[in-house]
Amino acid sequence: MASAQANKLGKKLRRLAGKAVADYAMIEDGDRIMACLSGGKDSYTLLDMLLSLKRNAPVSFEVVAVNLDQKQPNFPGHVLPDYLDTLGIEYHIVEEDTYSIVKALTPEGKTYCPVCSRLRRGVLYGFARRIGATKIALGHHADDAVETLFLNMFHGGRMKSMPPKLVSDDGNHVVIRPLYYMRERDIARWSKYREHPIIPCNLCGSQENLERPVIKRMLAEWDAIQPGRVDNIARAMRHVVPSHLGDGALVDFESLRRSVELMPTRDLTRNGSDFDQPDHRE
């Protein structure tokens with residue numbers, strides 16, 4: 001039974017990955033894709049999906065797995081190499097002590113994530129150039145995108161989230177998120193079926209003052225009250241109507257004018273008006 005469920009789930013995830021890749025033109029013929037592995041369920045699933053696409057996609061591309069060893073205390077450095085050796089693919093372990101820098105730069109009581117993510121991104125972008133990667137693949141999924149939307153709304157006053165594909169600020173890198181259509185719960189089930197050797201993050205995972213878990217709990221409650229609500233929010237981010245929001249940078253409200261001629265004034269007397277309808281209250 002478990003095997004049948006795993007096969008069904010695998011087909012679903014591969015279909016969603018393929019759809020996201022096709023919808024957002026994430027992969028092109030000849031690409032060399034750097035799959036960023038953290039040792040968590042999302043990045044393992046990302047690698048699974050990319051390798052599956054590589055075998056079956058109509059275009060030819062390479063997949064290179066890269067892990068950034070940030071020198072966190074007690075990090076089990078052997079786990080990823082041992083696992084990747086079984087796959088027989090090209091991989092690299094980049095050793096960079098960003099852990100000490102994050103600890104030094106983060107004020108007391110503040111979260112590590114902002115500094116950690118900037119440092120990690122800088123190291124990975126630099127390594128992508130070294131190995132000639134044309135795309136950088138990250139394991140963010142639909143739940144991550146929805147959570148980020150609410151984090152930005154609640155704490156930044158902006159409607160901003162994670163796009164499925166973007167060009168880095170310096171213009172040198174294209175970042176893709178092939179898991180963009182997937183729900184986290186499905187990824188967790190897949191990772192359990194696959195028996196991925198999970199490595200927990202002992203840096204940000206050890207902090208109690210994080211806002212993302214609060215948002216995650218809120219969304220879980222919404223999904224429990226009305227199943228499909230989070231899916232609808234994720235879908236809404238792909239169907240934005242700027243004219244029905246209030247951003248003056250997107251819509252020139254100043255220049256909006258009535259574009260139709262005024263209709264002749266109608267006789268709105270009681271005997272010949274639109275109001276001349278039966279009163280159903282009688």
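The values are calculated or read from the model by the stated rules, or taken from the named source; none is laboratory data. Predicted, not measured: the structure shown is a model, and the values here were computed from it. Here the Cβ is made from the backbone with ideal geometry for all residues, glycine too, and neighbour counts use every protein chain on show. Areas reflect the complete protein model, heavy atoms only, side chains present, ligands, DNA and RNA absent. Shrake-Rupley method; radii C 1.70, N 1.55, O 1.52, S 1.80 Å.
Taken across the stretch 158-177, residues that are aliphatic (A, V, I, L, M), surrounded by 15 or more Cβ atoms within 10 Å (Cβ to Cβ) and assigned to a helix (DSSP H, G or I) do not occur at all. Within the set Val63, Val102, Val146, the sole residue that is modelled with pLDDT under 95, open to solvent by less than 30 Å² (accessible area, probe 1.4 Å) and in contact with a helix residue (DSSP H, G or I) (Cβ under 7 Å, 6 or more places away or on another chain) turns out to be Val102. When the residues of the stretch 1-46 are narrowed to those that are free of Cβ contacts under 8 Å to residues at least 40 places away in the same chain and open to solvent by less than 70 Å² (accessible area, probe 1.4 Å), which ends up farthest from Ile176 (Cα to Cα)? Per the stated criteria, the residue is Ala4.
Residues that are among the aliphatic types (A, V, I, L, M) and in a helix (DSSP H, G or I) were ranked within the stretch 233-255; the one that is nearest to the chain's Cα centre (by Cα) is Ala234.
Return a yes/no flag: does the stretch 33-43 have any residue that is more than 30 Å from Val123 (Cβ to Cβ) and part of a loop (DSSP other than H, G, I, E, B). Within the stretch 33-43 (the criterion being more than 30 Å from Val123 (Cβ to Cβ) and part of a loop (DSSP other than H, G, I, E, B)), the answer is no, since none of the residues qualifies. Residues in the stretch 224-254 that are surrounded by 12 or more Cβ atoms within 10 Å (Cβ to Cβ) and modelled with pLDDT under 95: Val251 alone.
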